[in-house]
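Asker: Dumping the structure here so I can ask a few things about it.
Rule-based calculations on the coordinates, nothing more; no lab input. In this text, all values refer to a predicted model and were calculated from it rather than measured experimentally. Positions of Cβ are generated from backbone atoms using ideal geometry, with glycine treated the same way; all protein chains shown enter the neighbour counts.
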Amino acid sequence: MHLREQIITILRDEVGPAAPLLLDRCCRKNLGKNPADLTVHDIHPLSESCYETVVTSLGQPAAEKLKASIQGLE
């Protein structure tokens, strides 16, 4: 499975159908790249970006879980 799809699967558990949009926003805004171009070197900064994006709406425990799940792909 492509890295983008793996990350969407993780995001979907926390944010539901908004997962692809969240990934696109975090990638383009904070990494300056298309989600299709993600590599394993992008996992840590992407996990931080996703954490910062969702922590206020989902709360710290859910955001930490999401960040750890994404980092687990390294």
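Asker: Sum up the charges of everything whose Cβ sits under 12 Å from the Cβ of P35, counting Lys and Arg as +1 and Asp and Glu as -1, but leave P35 out.
Answerer: Numbers: positive: R4, R25, R28, K29, K33; negative: E5, D24, D37, D42.
Around P35, the charge tally is +1.
Asker: Would you work out the charge dipole size for the chain about its Cα centre, treating the Cβ of every Lys and Arg as +1 and the Cβ of every Asp and Glu as -1, and quote it to the nearest 20 debye?
Answerer: 180 debye
Asker: Okay, moving on. Normalised by the number of residues in the chain, what is the relative contact order in percent for Cα pairs under 8 Å and 6+ residues apart? Don't skip to the answer; put the middle values down first.
Answerer: Details: 67 pairs, mean separation 22.4, N = 74.
Contact order relative to length: 30 percent.
Asker: Which listed residue (A19, I43, V55) has the Cα farthest towards the positive end of the charge dipole for region 15-55, taking +1 on Lys and Arg C-beta and -1 on Asp and Glu C-beta about the Cα centre?
Answerer: A19
Asker: Quick one: if you take sqrt(5λ) for each eigenvalue of the C-alpha gyration tensor of the chain, what semi-axes come out, biggest first, whole angstrom?
Answerer: 17, 12, 12
Asker: Before rounding to the nearest 500, sum -39500 (n - 2.57) across all DSSP H runs of length at least 4 in the chain and divide by the residue total; then give [θ] at 222 nm in deg cm²/dmol. Before the final figure, lay out each step's value.
Answerer: Numbers: 4 runs with 49 residues, N = 74.
Result for the chain: -20500 deg cm²/dmol, rounded to the nearest 500.
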